[in-house]
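Enquirer: Shown below is the structure under consideration.
The values are calculated or read from the model by the stated rules, or taken from the named source; none is laboratory data. Because the structure is predicted, anything quoted here is derived from the model rather than measured. We place every Cβ from the backbone using ideal geometry, glycine too, and count neighbours over all the protein chains shown. Quick note on the areas: whole protein, heavy atoms, side chains included, nothing else; ligands and nucleic acids left out. Shrake-Rupley method; radii C 1.70, N 1.55, O 1.52, S 1.80 Å.
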Amino acid sequence: MKLILILIIGLGGLWLSLKQLRKNLGEIRSKPKGSHRLEDKVFNYPLMFLWFGYLIVFFGGLIVNNLILH
């Protein structure tokens, strides 16, 4: 029962992370070319990729770890 619950949480978190990343990338692409400020390019966008990278690795590791160890 615990394994199923952890897998559901892991799959749900991974799906939500990927969905939100795609939404954010769509919003970035929909902006006009001149509206990107220097702070966005240097600070916000790399941190966004870092954050979503951590989330994807965390939820992916949660799924793989529980499938291998149980």
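Enquirer: State the label only: which of (1) 45, 20, 14; (2) 52, 18, 12; (3) 28, 25, 19 corresponds to Cα extents along the principal axes in Å computed from the shown model?
Expert: Entry (2).
Enquirer: Please give the per residue accessible area of region 18-70, computed with a probe of 1.4 Å over protein heavy atoms only, in Å².
Expert: Per residue, region 18-70 has 81 Å² of solvent-accessible surface.
Enquirer: Starting from the chain, pick out the trypsin sites (Lys or Arg not before Pro) whose DSSP state is loop and whose Cβ has at most 15 other Cβ atoms within 10 Å.
Expert: Those satisfying the criteria are Arg37.
Enquirer: How far, in degrees from 0 to 90, does helix 2-30 lean away from the longest principal axis of the Cα atoms of the chain, to the nearest 10?
Expert: Once rounded, the angle reads 10 degrees.
Enquirer: Lysines near Lys33 by alpha-carbon distance under 23 Å, same-chain residues fewer than 8 away left out - which ones?
Expert: Cα-Cα hits under 23 Å: Lys23, Lys41.
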